[in-house]
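**Q** Attaching a single structure in structure tokens format; questions to follow.
Each value in this text was obtained by applying a stated rule to the coordinates, not by laboratory testing. The shown structure was predicted, so the numbers you read here are calculated from the model rather than taken from an experiment. Here the Cβ is made from the backbone with ideal geometry for all residues, glycine too, and neighbour counts use every protein chain on show.
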Amino acid sequence: MSNSNLTRRGVLKSGAVAGAGVALPTIFTASSAAAYTNEPTGGTVTLGFNVPQSGPYADEGADELRAYQLAVEHLNGEGDAGMMNTFSSKALKGNGILGKKVEFVTGDTQTKSDAARASAKSMIEKDGAVMITGGSSSGVAVAVQGLCQEAGVIFMAGLTHSNDTTGKDKKANGFRHFFNAYMSGAALAPVLAARYGADRKAYHLTADYTWGWTQEESIVAATEALGWETVNTVKTPLAATDFSSYITPILQTDADVLVLNHYGGNMVNSLTNAVQFGLREKQVNGRNFEIVVPLFSRLMARGAGENIKGILGSTNWHWSLTDAGSAAFVKSFGTKYGFPPSQAAHTTYCQTLLYADACERAGTFNPCGVAEALEGFEFDGLGNGKTLYRADDHQCFKDVLVVKGKDNPTSEFDLLEVVEITPVDQVTYDPNHPMFAGGALGECNAG
Amino acid sequence: MVGTMDAILLQILNGLDKGSAYALIALGLTLIFGTLGVVNFAHGALFMIGAFCAVTLQRLLSLSFETVDPTKTDFLGNPAKIKTPYIESWLGPETGAAIIDWSVPLAILFSIPIMLFVGYVMERGLIKHFYKRPHADQILVTFGLAIVLQELVKHYYGANPIPTGAPDAFKGSFDFGVVLGFDPNLIIYPYWRMVYFAFAAVIIGAVFAFLQFTTFGMVVRAGMADRETVGLLGINIDKRFTIMFGIAAAVAGLAGVMYAPINSPNYHMGMDFLVLSFVVVVVGGMGSLPGAVLAGFMLGILESFASMNWIKDILPGIDQIIIYLVAIIILLARPRGLMGRKGVMED
């Protein structure tokens with residue numbers, strides 16, 4: 001008879017705990033050796049550019065990647081330094097970041113959340129990326145932001161417009177330079193009311209996923225506050241290609257405005273179908289029927305051809321802006337690639353510079369130090385006027401552009417014209433606004 | 001009641017053009033399955049290639065030379081380069097512009113030899129090696145081929161949709177409401193979608209006439225019914241079946257060419273239609289050409305009705321599952337599909 005205290009259940013429990021410990025991904029255990037995840041130790045620092053290189057947003061991803069490469073060149077002291085010359089902060093010296101040469105790895109998000117998380121994870125674990133940035137979808141941004149929070153690296157979001165990214169899904173390690181659906185509504189509604197009247201009846205077609213819902217909610221709230229009536233809000237499947245059966249019911253209503261809360265291929269097809277069905281020639285109660293596309297992307301708008309002429313929408317940035325920062329960026333990008341940059345390229349270039357600058361000011365790559373440097377940071381010279389990276393939700397607050405499809409484009413890039421620059425005060429909201437409620441930044445995670 | 005009637009009429013019209021595309025693709029799929037016994041998952045890619053034939057011809061006709069206009073500047077402030085299509089400089093601005101404007105209808109002629117060739121190469125180069133393999137192998141290899149083809153198109157044309165407009169003469173829409181005694185602007189329908197429906201009807205009619213009234217067609221039909229006996233009679237049925245593959249590819253390609261103005265072509269458009277077209281084939285009855293056409297239009301119309309707001313209010317999300325729901329019901333009631341024959345895919 002043995003006197004040992006070992007029991008079968010006890011052995012199993014200990015085995016399970018030990019097994020779970022061994023199985024823990026290295027991203028959770030690496031911190032034991034370094035001060036924070038992927039602390040650069042040699043003469044280089046690696047950034048991870050996670051963009052859609054395949055799938056429907058591949059062209060947008062390609063433009064983001066061009067901007068990242070340009071930003072890396074400028075950070076390393078090559079090229080004409082672009083917006084580093086106009087950036088209000090002068091911490092960047094053109095010798096990399098904190099004296100370390102900037103290198104990068106790329107991942108393919110495929111515009112799928114699981115694929116985007118897998119590529120980000122690979123760049124963090126295998127390539128030692130100290131920061132992840134990019135993407136062209138809110139679903140992807142929210143997923144990758146969550147992963148970066150767990151892994152203890154900074155996430156500098158690319159093109160993501162859903163309120164949720166810095167609303168209910170905000171994270172302490174995540175930062176968004178791009179504007180959001182609320183800001184589109186706040187900027188667009190007064191222009192719509194001024195141009196089309198304050199007593200319009202709107203019919204919404206909305207892509208049935210996180211971005212579409214927040215976009216619809218934002219535009220409905222902003223236009224109803226100015227007197228518009230919402231006749232109907234219809235959700236359309238993300239996979240829909242032909243929108244004729246969603247557009248024809250509009251003919252049977254007394255709606256006189258169609259709001260297309262669609263992006264990418266959805267937007268191209270729904271707008272094309274709406275124009276085909278004669279909505280732009282339609283008269284309701286003696287007034288012209290109007291179509292609105294709240295989030296415009298020049299790259300995507302090209303697919304809709306001349307159907308975008310005269311259509312109002314909003315955008316984060318446009319290459320035709322004449323401020324010194326925009327001009328410097330367009331010159332660098334245009335000289336290198338032969339065409340002007342998209343808003344996706346602009347926001348990703350800015351995010352790279354903002355991250356690098358924060359590292360310089362913090363004197364470390366430690367994500368908690370970088371986050372602290374970005375929180376409440378006010379800057380100028382990056383093409384959007386005076387901008388604040390708000391500490392409460394890690395959202396940038398800056399002017400928003402209301403644009404219109406150009407009637408007489410002079411080139412294939414000259415598709416949109418800026419009709420109004422909405423001042424930042426008009427698009428600023430309380431951090432506890434109901435559309436952004438339900439989440440918390442939490443604590444910064446350094447890995 | 002009038003409100004309901006005009007809504008129903010509109011959805012029938014919507015269903016007819018959707019159904020036209022389904023029917024044309026399903027017709028080609030059935031032709032290939034009926035003749036060669038191959039389940040061709042690359043058929044959607046042929047539809048996509050057809051649409052890109054229209055894009056390519058439009059680009060070829062728009063090929064331009066550049067001249068510098070010192071009075072204008074480009075986005076970098078350099079003197080602007082003005083593009084003038086060669087065709088406008090050769091034939092005069094008006095004639096040249098008119099030819100470019102009509103590039104989609106012209107692409108019908110441009111696409112037929114291309115699609116026949118693509119179909120021939122696909123069949124001789126790849127698919128013939130899989131005739132005796134299980135259907136699962138055929139599905140895998142043709143699905144792989146479809147991905148290769150769409151990635152090739154994406155590489156050369158990009159991922160974004162490319163606007164490919166109908167001729168100006170067919171832009172705008174027709175007011176059915178006025179003709180039928182309803183108020184104006186209630187039942188309007190784009191001219192080009194009407195053209196698409198008429199075109200589909202002509203192509204479907206031509207395929208049936210070809211099979212019904214020509215000796216070639218008679219042999220093909222005999223081969224579809226009993227391949228072995230036709231072979232024993234000394235007829236080279238394989239050669240004819242290869243030609244039928246080419247014809248099926250051309251039908252899918254023509255469906256794609258004419259679809260280009262309806263929705264701007266993108267590399268993924270074939271996949272969007274592929275799964276639905278297979279459902280159409282199965283519902284119609286594997287191997288039945290009239291079944292494919294009937295099911296194509298029927299499911300197109302049902303899909304349109306399911307998108308109506310009052311139906312979606314009662315059954316949310318019905319628009320996304322209606323086709324599969326109907327397919328399940330029909331297959332439970334008639335396991336061989338609407339017009340399926342005994343013995344097809346049952347060995």
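**Q** For chain A, what is the relative contact order in percent, using Cα pairs closer than 8 Å and at least 6 residues apart in sequence?
**A** Numbers: 966 pairs, mean separation 86.1, N = 447.
Result for chain A is 19 percent.
**Q** Right, something else. In the stretch A:56-124, what trypsin sites (Lys or Arg not before Pro) fall in a loop by DSSP, with at most 13 other Cβ atoms inside 10 Å?
**A** Answer by residue number: A:Lys90, A:Lys93.
**Q** Let me ask something additional. Within the stretch B:271-292, whose backbone N sits under 16 Å from a point 7 Å along Cα→Cβ of B:Arg334?
**A** The answer is B:279-292, whose backbone nitrogens lie closer than 16 Å to the label point.
**Q** I'd like the Karplus ³J(HN,Hα) series for the stretch B:274-282: coefficients 6.51, -1.76, 1.60, θ = phi - 60°, whole numbers in Hz, and an x wherever there's a Gly or Pro.
**A** Rounded to whole hertz, the list is 4, 5, 4, 5, 5, 4, 4, 4, 5.
**Q** Taking H placed 1.01 Å from N in the peptide plane, check which residues at least 5 places from A:Gly174 or on another chain put their amide H under 5 Å from its amide H.
**A** When sequence neighbours closer than 5 places are left aside, the close amide H contacts are A:Phe155.
**Q** Taking a ≥ b ≥ c as the square roots of the eigenvalues of the Cα gyration tensor of the stretch A:346-418, is the shape rounded (a/c under 1.5), prolate (a/b larger than b/c) or oblate?
**A** Prolate, since a/c reaches 1.5 and a/b exceeds b/c.
**Q** Right, next: Along the positive direction of the dipole of chain B (beta-carbon charges: Lys, Arg +1; Asp, Glu -1; about the Cα centre), which of B:Ile314, B:Val178, B:Gln138 reaches farthest?
**A** With unit charges placed on the Cβ atoms, the residue in question is B:Gln138.
**Q** Still on this model: Straight-line reach from A:Lys171: which lysines fall under 19 Å, measuring Cα to Cα and dropping same-chain residues less than 8 apart?
**A** Within the straight-line limit of under 19 Å, A:Lys171 reaches these lysines: A:Lys121.
**Q** Another one. Where does helix A:343-362 land angle-wise versus the long Cα axis of chain A, in degrees 0 to 90, nearest 10?
**A** 40
**Q** Let me ask you something else. Roughly how crowded by other chains is peptide A:270-278, in terms of the mean Cβ count from those chains within 10 Å of each of its Cβ atoms? Intermediate values should be presented prior to the final figure.
**A** Details: counts 1, 1, 7, 4, 0, 4, 13, 7, 9.
Mean number of neighbouring Cβ atoms from other chains: 5.
**Q** Please get the size of the charge dipole for the stretch B:258-345, origin at its Cα centre, with Cβ charges of +1 on Lys and Arg and -1 on Asp and Glu, quoted in debye to the nearest 20.
**A** 480
**Q** Treat every Asp and Glu Cβ in the protein assembly as shown as -1 and every Lys and Arg Cβ as +1, leave all other atoms uncharged, and give the resulting dipole magnitude about the Cα centre to the nearest 20 debye.
**A** It comes to approximately 2140 debye.
**Q** Still on this structure, I have one more. Cα gyration tensor of chain B, axes a ≥ b ≥ c as square roots of the eigenvalues: rounded (a/c below 1.5), prolate (a/b > b/c) or oblate?
**A** Judged from the Cα gyration tensor, chain B comes out oblate (a/c at least 1.5, b/c at or above a/b).
**Q** Pick out, from A:Ile308, A:Ala198, A:Leu258, the residue whose Cα sits farthest towards the positive end of the charge dipole of the stretch A:182-315, with +1 on the Cβ of Lys and Arg and -1 on the Cβ of Asp and Glu.
**A** Working it through, the farthest residue towards the positive pole turns out to be A:Ile308.
**Q** Output the antiparallel fraction of DSSP beta bridges having both residues in chain A, as a percent to the nearest 5.
**A** Close to 35 percent.
**Q** How large is the charge dipole for the stretch A:182-315, taken about the Cα centre, if only the Cβ atoms of Lys, Arg (+1) and Asp, Glu (-1) carry charge, to the nearest 20 debye?
**A** So the dipole magnitude of the stretch A:182-315 works out to roughly 380 debye.
**Q** I've got another one for you. For the stretch A:332-439, run through the GluC sites (Glu not before Pro) and keep only the ones in DSSP coil with at most 15 other Cβ atoms within 10 Å of their Cβ.
**A** A:Glu412
**Q** What aspartates and glutamates could a cross-link reach from B:Lys128, if we take a straight Cα to Cα line under 12 Å and drop same-chain neighbours fewer than 8 places away?
**A** Correct list for B:Lys128: B:Asp238.
**Q** Return the long-range amide H neighbours of A:Ser314 (sequence gap of 5 or more, or a different chain), with a cut-off of under 5 Å between placed amide H atoms.
**A** A:Leu295, A:Phe296, A:Val403
**Q** So in the protein assembly as shown, what percent of DSSP beta bridges are antiparallel if you round to the nearest 5?
**A** In the protein assembly as shown, approximately 45 percent of DSSP beta bridges are antiparallel ones.
**Q** Within the stretch A:44-113, list the GluC sites (Glu not before Pro) lying in a DSSP loop whose Cβ has at most 15 other Cβ atoms in a 10 Å radius.
**A** Sparse-neighbourhood loop GluC sites (Glu not before Pro): A:Glu78.
**Q** Can you order the peptides B:237-248, B:321-332 by their average number of other Cβ atoms within 10 Å per residue, highest first?
**A** Put in order of decreasing packing, that is B:237-248, B:321-332.
**Q** Using alpha-carbon pairs under 8 Å, 6+ residues apart, how would you state the relative contact order of the stretch B:2-333 in percent?
**A** 37 percent.
**Q** Summarise the partner chain shielding of A:260-267 as one whole number: the mean count of Cβ atoms from other chains within 10 Å of each residue's Cβ.
**A** That works out to 2 on average.
**Q** Give me the net charge of A:Tyr57's neighbourhood, meaning all other residues with Cβ under 13 Å from the Cβ of A:Tyr57; Lys, Arg count +1, Asp, Glu -1.
**A** Within the 13 Å Cβ shell, the charges total -3.
**Q** Just want the answer: with Cβ charges of +1 for Lys and Arg and -1 for Asp and Glu, which residue in B:Leu60, B:Ala327, B:Leu9 is farthest toward the dipole's positive end in the protein assembly as shown?
**A** B:Ala327
**Q** Now, a different point. Please check which bits of the stretch B:22-45 a label hung off B:Thr229 would reach, taking the label as a point 7 Å along Cα-to-C-beta and the cut-off as backbone N under 20 Å.
**A** B:34-37
**Q** On average, how many beta carbons from a partner chain sit within 10 Å of the beta carbon of a residue in B:149-155?
**A** 1
**Q** List the cysteines of chain A that have no other Cys Cβ closer than 4.7 Å: which are they?
**A** A:Cys148, A:Cys350, A:Cys359, A:Cys396
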